[in-house]
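First comes the structure, then the notes that go with it.
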Amino acid sequence: MSTPFYVSPQQAMADRAEYARKGIARGRSVVVLQYTEGILFVAENPSRALHKVSEIYDRIAFAAVGKYNEFENLRIGGVRYADLRGYTYHRNDVTARGLANVYAQTLGTIFSSGAEKPYEVELIVAEVGEAPKDDQIYRLPHDGSIVDEHGSVAVGGNSDQIGSYLDQRHRDDMTLPEALKLAVEALGRDNNGGERTLTADQLEVAVLDRGRPQQRKFKRVLGRQLARLLDPGATTADASEVAASDTDGDAEPDDTATGGTGPDTTGPDTTGPDTTGPDTTGS
């Protein structure tokens, strides 16, 4: 009978961590930045169906890199947790910190378990506050640890290089167009020091905007709105339009496909009174 091959716990954990990091590094990066009116999420993602950035609750959003099926399961679990807690207690009891703790326990349990492989994901949970000082951003690596971030953070791909670029140029008083342009410049840098030009079709952009009149502060920026913000001449007026709009940028405000009815242009009712008389057909 042969003797089982022994691997020290330290080596086993190091191997699992290396496995997860390699899987995460294969994904395209996501950048999260604070700006004057909220929190901006920018991901290099040409897909319009498989989102890396999603809404969790009124003021909370979620971003992830890595294996889609794994972080999508985590996203769905986070939505269920938030809905249940908000229904059981109060909507204000749903916080990014509480959600980050739930994710940390899940990722930590999976990472330390020898029965299954670690998740190849890295998450960001963010909550926009009433003022910039109240904003919260938490980064959760594959092992379930929690890192409290401020200003800007990048995950996935060449996140170290992108994060260093952001740290040198990010300011807390940036407008939305300024923050978006900085994020796109950072995502366009590769490991060899080269630069790529990313177009609107290659980006997934969303904001948590504290200035939105709705209770839900999450908003995707698409189509013409995104193109205007990426334009070198973009102004704060374009950012205000994003916050005030209820559409996703491709439809007009009165487009019925997005739920708006638009002005009534059918004119007065000219059909006259009903003269068909009572129904005598029987049952």
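So is Arg85 modelled with pLDDT of 95 or more and over 23 Å from Thr36 (Cα atoms) or not? Against the criterion (modelled with pLDDT of 95 or more and over 23 Å from Thr36 (Cα atoms)), Arg85 qualifies.
The sole residue among Leu50, Leu99, Leu40, Leu107 that is closer than 28 Å to Ser152 by Cβ and touching a His at 6+ places or on another chain (Cβ under 8 Å) is Leu107. For segment 207-218, name all the residues that are crowded, with 20+ Cβ neighbours inside 10 Å and over 15 Å from Pro177 (Cβ atoms). Across segment 207-218, the qualifying residues are Leu208, Arg212, Lys217, Phe218.
Asp201 passes all but one of (1) open to solvent by less than 30 Å² (accessible area, probe 1.4 Å); (2) touching a residue at least 40 places away in the same chain (Cβ under 8 Å); which number fails? All conditions pass for Asp201, except number (1). If you go through segment 13-30 and keep only what is under 27 Å from Val205 (Cβ atoms) and either hydroxyl-bearing (Ser, Thr, Tyr) or open to solvent by 80 Å² or more (accessible area, probe 1.4 Å) (or both), you end up with Arg21, Arg26, Arg28, Ser29.
Filter segment 31-49 down to residues that are open to solvent by less than 10 Å² (accessible area, probe 1.4 Å) and among the hydrophobic types (A, V, I, L, M, F, W, C) and give me whichever is farthest from Glu185 (Cα to Cα). The extreme case among them is Ile39. Within segment 91-107, the only residue that satisfies the criterion of being surrounded by fewer than 20 Cβ atoms within 10 Å (Cβ to Cβ) and part of a loop (DSSP other than H, G, I, E, B) is Thr95.
State the number of residues belonging to segment 50-90 that are surrounded by 22 or more Cβ atoms within 10 Å (Cβ to Cβ) and either more than 15 Å from the chain's Cα centre (by Cα) or of a type in the set (Ser, Thr, Tyr) (or both). Summing the residues that are surrounded by 22 or more Cβ atoms within 10 Å (Cβ to Cβ) and either more than 15 Å from the chain's Cα centre (by Cα) or of a type in the set (Ser, Thr, Tyr) (or both) in segment 50-90 gives 2.
Considering Ser159, Ser164, the condition of being out of contact with any Asp or Glu (no Cβ under 6 Å at 6 or more places or on another chain) and over 21 Å from Gly23 (Cα atoms) is satisfied by Ser164 alone. State whether the residues of segment 186-194 include one that is over 23 Å from Arg75 (Cα atoms), of a type in the set (D, E, K, R) and in a strand (DSSP E or B). Looking through segment 186-194, at least one residue is over 23 Å from Arg75 (Cα atoms), of a type in the set (D, E, K, R) and in a strand (DSSP E or B). Would you mention how many residues in segment 137-148 are in contact with a helix residue (DSSP H, G or I) (Cβ under 6 Å, 6 or more places away or on another chain) and open to solvent by less than 50 Å² (accessible area, probe 1.4 Å)? Number of matching residues: 4. Listed conditions (1) farther than 23 Å from Glu127 by Cα; (2) modelled with pLDDT of 90 or more; (3) over 19 Å from the mean Cα position of the chain (by Cα) are all met by Asp201, apart from (3). Does Ala183 satisfy the criteria of being open to solvent by less than 20 Å² (accessible area, probe 1.4 Å), under 20 Å from Ala43 (Cα atoms) and at pLDDT below 70? Judged against the criteria, Ala183 is not a match.
Would you call Leu74 closer than 18 Å to Ile146 by Cβ and either aliphatic (A, V, I, L, M) or in contact with a Lys or Arg (Cβ under 7 Å, 6 or more places away or on another chain) (or both)? Against the criterion (closer than 18 Å to Ile146 by Cβ and either aliphatic (A, V, I, L, M) or in contact with a Lys or Arg (Cβ under 7 Å, 6 or more places away or on another chain) (or both)), Leu74 qualifies.
For segment 150-180, residues that are surrounded by 18 or more Cβ atoms within 10 Å (Cβ to Cβ) and of a type in the set (D, E, K, R) total 1. Consider segment 108-134. How many of its residues are part of a loop (DSSP other than H, G, I, E, B), charged (D, E, K, R) and open to solvent by 50 Å² or more (accessible area, probe 1.4 Å)? Result for segment 108-134: 3.
The values are calculated or read from the model by the stated rules, or taken from the named source; none is laboratory data. All values reported here derive from a predicted model rather than from experimental measurement. Note that we place each Cβ from the backbone using ideal geometry, even for glycine, and neighbour counts take in every protein chain shown. Each accessible area value is taken on the protein alone, full model and side chains, heavy atoms only, with ligands, DNA and RNA left out. Shrake-Rupley method; radii C 1.70, N 1.55, O 1.52, S 1.80 Å.
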